[in-house]
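Structure, as C-alpha cells:
All of the numbers you see were taken from the coordinates with simple rules; none came from a lab. Keep in mind that what you see is a predicted model, and the values were worked out from it rather than measured. Note that each Cβ is placed from the backbone with ideal geometry, even for glycine, and that neighbours are counted across all protein chains shown.
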C-alpha cells in the first residue's frame, strides 16, 4: 500500500473527473454538506470504472462498493470547482482498492479509499478479477501500490 | 377544477404521506432547499400512485409527470415534520391532475399541482386511462373536482 | 407575457449556466429524478441573480421564490450536459417572473417559470423593486416580455 | 476500541434515529444510492450531537467531522425504514469517535465510524473536550470502549 500522504498530491493521479458544487449541495452550516463529498467520490469512481469508451467491468459483472473511508481536510463552498483524481491502490483476488484525492484550487480538500468488489450480476456473488481487468487497473496503479 | 384555496386545507385530502426534513435537506440559507419541496411532492405522489397494497397503474403502464407547479407559502427547517396530502383535481382522456398540500404543524407550507400522463411502457406513448383507473382515482377526487 | 413556446428556443436566452447530470441524480427509473430538474432551475436562477461580479439584489434584500412551474419535455440521463437559459418574462411592483429553458444537445428537455419576490432581510417583508434592479433585469427581458 | 462486530448489533446502541428511504434516494441501479448512507449517518450523528433538549456542544463550539469510514453490508430500497444507532467508541483530547449501525428489519445494512473534532467557532481551531462533554459522551460509550 502506498503512503496515504500520496492521495493529497495531484501528481498521484492520472484519471480525473470535475464537479462543481451546486447551491443545493450546501447545508445550513453554509458549506457543502459532507455527504456530497461521498457523491463526488462516486462521480470520480463511476467515471473511472464505467468510462463509456472503455468500460472496465467484464460482461455480466458489476462493481459493488464494500467500504468507503473519507478524510475531510477542508470545506467546500457553493460554486467551487472540484477535481477528483482516482488511482488504484491495491488489487486482491476478488476486490481492489481505489484511492481518491479531491482538489479545489491548490488544496486537497479530501482523500478517500474505496474497496470495490467484482460481482456476478446473475448470482450476486463475488468473482475473481479476470486478467484483462487486472491489466486495465494496473495502468492506474498509484506509485508504490501493488 | 376546484378552488385552489382548497389545497391549503387538510380537510381536502384523504391520502397522506409523512416526511421529516433532514439536515442534508437544508441549504446555505439555513432552511430546507426549495427543490426538496419537489421531492416531498414526489414522495406523496409515488406513495399514492404505487401503494404496495393497491397499485393504480394498469399492467404494462407507468405514470409520467408532465408538469409540476409549486406554490411556496412558508419555510421549512431541519427536523420539521411534513404531512403531504394528495387528491385528484381533474381527469382527462390520457392524463389527470393531482393536487397536493404540504402541511407543517398548523400551516400549509406549499401547494402543488402535478399533471400525470399514463404511458405504455413498451411503446412509450400516452394511452387512455382505463375505467378501472378512473374509478380508483375518483375515490380521491377533491370536493368540486371533475 | 411572451409566447410560452419561446422558452423552448435557445435564442430566447442571454444568461446561461451549465450542469452535468451526476450518477447520484438518477433514480430507480434509470433516468434523472424529476426533482433534480428543480435543482437545475435553481442553479440557473442563483447564477443569474447572485452573479459574483454583478449581484442583482440591493443591499439588505434577498430574492425569495414564490412559485415554480416546470414543464417536463424529455428525460435526462447520467452524464448528460444541460444548458440552462434564464430570461426575465415580466416585472411587477414587488416581484418578477423568470423564464427558463433546459437544453440537452438539440432538445429542450424542460421549461420553467419562477416567480421571485424581493424581500427585506430585516423585516422579512416584500419590498418594491428599485429602479436599479429594474434596469438590470430589463437587460434580460425575453422578446415580447414587459 | 471495542470489537468492530459490535456495530452490527442493535444491543450496542442507546441513541436512535429513524429514516425512511425516499424514492429520490434511489439511483439507476434500482437501490438506495451509496452516498445516502452517509446522509443517514449524518442524520443519526446530528440528532445525537444536537439533541434539541440537551445539546452536547459547549457554547461557542461546534463539532466538525474529520473522517467517515462506512462499511456497506446490504442494499436498501425505496420505502425501507432504517434505524440508525449511535454510540461513542473512543474519546481523545480534542476529538472522539462515534460508532454507528444502520439496521433495516433484522439486518445490519451498514456500520460506520466517524471522527469528530471539537472546534472553537471564533478561532476555527480544535479545542479540548471539556469535562462536561466527556461526562455526557461517557453515558453513550459502547461496551469495551474507553
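Once every DSSP H run of n ≥ 4 in the protein assembly as shown is given -39500 (n - 2.57) and the sum is divided by its residues, what mean residue ellipticity at 222 nm do you get, rounded to the nearest 500 deg cm²/dmol? Please report the intermediate quantities before stating the final value.
Working: 8 runs with 96 residues, N = 584.
Rounded to the nearest 500, the figure is -5000 deg cm²/dmol.
In nm to one decimal, list the spacings between the residue C:143 label point and its equivalents in the other copies, with label points set 7 Å along Cα to Cβ, shortest first.
4.9, 5.8, 7.5
Can you sort B:12, D:95 by how many other beta carbons sit within 10 Å, fewest first?
Least crowded to most crowded, the residues run D:95, B:12.
Which distances in nm, rounded to one decimal and ordered from shortest, link the label point of residue D:130 to the equivalent label points in the other identical copies, with labels set 7 Å from Cα toward Cβ?
4.2, 6.2, 6.6
What is the P(r) of segment B:15-123, as percent of Cα-Cα pairs per 10 Å bin from 0?
Reading upward from the zero bin: 14, 45, 28, 12, 1.
Taking the axis about which chain A rotates onto chain C, which residue of A lies nearest it as judged by Cβ position, and how many whole Å separate them?
Looking at chain A's Cβ atoms against the axis toward C, the nearest is A:20, 4.
With r as the distance between the Cβ atoms of residue A:126 and residue D:57 and R0 = 45 Å, compute the FRET efficiency 1/(1 + (r/R0)^6) and round to 0.05.
Working: r = 42 Å, r/R0 = 0.94.
Approximately 0.60, to the nearest 0.05.
In nm, what does the list of distances from residue A:14 to its counterparts in the other copies look like, shortest first, when each label sits 7 Å along Cα to Cβ?
For residue A:14, the inter-copy label distances come out at 4.8, 5.3, 6.4 nm.
Just the C-alpha atoms of the protein assembly as shown: what Rg/Rh do they give, with Rh taken as the Kirkwood radius?
On the way: Rg = 24.7 Å, Rh = 25.6 Å.
Using only Cα positions, Rg/Rh for the protein assembly as shown is 0.97.
Can you give the relative contact order of chain A as a percent, counting alpha carbon pairs under 8 Å and 6+ residues apart?
With pairs under 8 Å counted, the relative contact order is 31 percent.
Any chance you could give the angle, 0 to 90 degrees and rounded to 10, that helix B:34-49 forms with the longest Cα principal axis of chain B?
40
Calculate, for residue B:74 and residue C:136, the FRET efficiency according to 1/(1 + (r/R0)^6) with r their C-beta to C-beta distance and R0 35 Å; round to the nearest 0.05. Show your work: numbers first, answer last.
Numbers: r = 29 Å, r/R0 = 0.82.
E between residue B:74 and residue C:136, to the nearest 0.05, is 0.75.
Once the mean 1/r over all distinct Cα pairs of segment C:1-65 is inverted, what Kirkwood radius in angstroms do you read off? Working shown, then result.
Details: mean 1/r = 0.0700 Å⁻¹.
After inverting the pairwise mean of 1/r, the radius is 14.3 Å.
For segment C:107-146, rounded, prolate or oblate, judged on the Cα gyration tensor with a ≥ b ≥ c (square roots of eigenvalues), a/c < 1.5 rounded, else prolate if a/b > b/c? Don't skip to the answer; put the middle values down first.
On the way: a/c = 3.53, a/b = 1.59, b/c = 2.23.
It is oblate, given that a/c is not under 1.5 and a/b is not larger than b/c.
Listing D:27, C:83, D:120 from the residue with the fewest other Cβ atoms within 10 Å to the one with the most, what is the order?
Values: D:27 24, C:83 19, D:120 13.
Listed from fewest to most nearby Cβ atoms, that is D:120, C:83, D:27.
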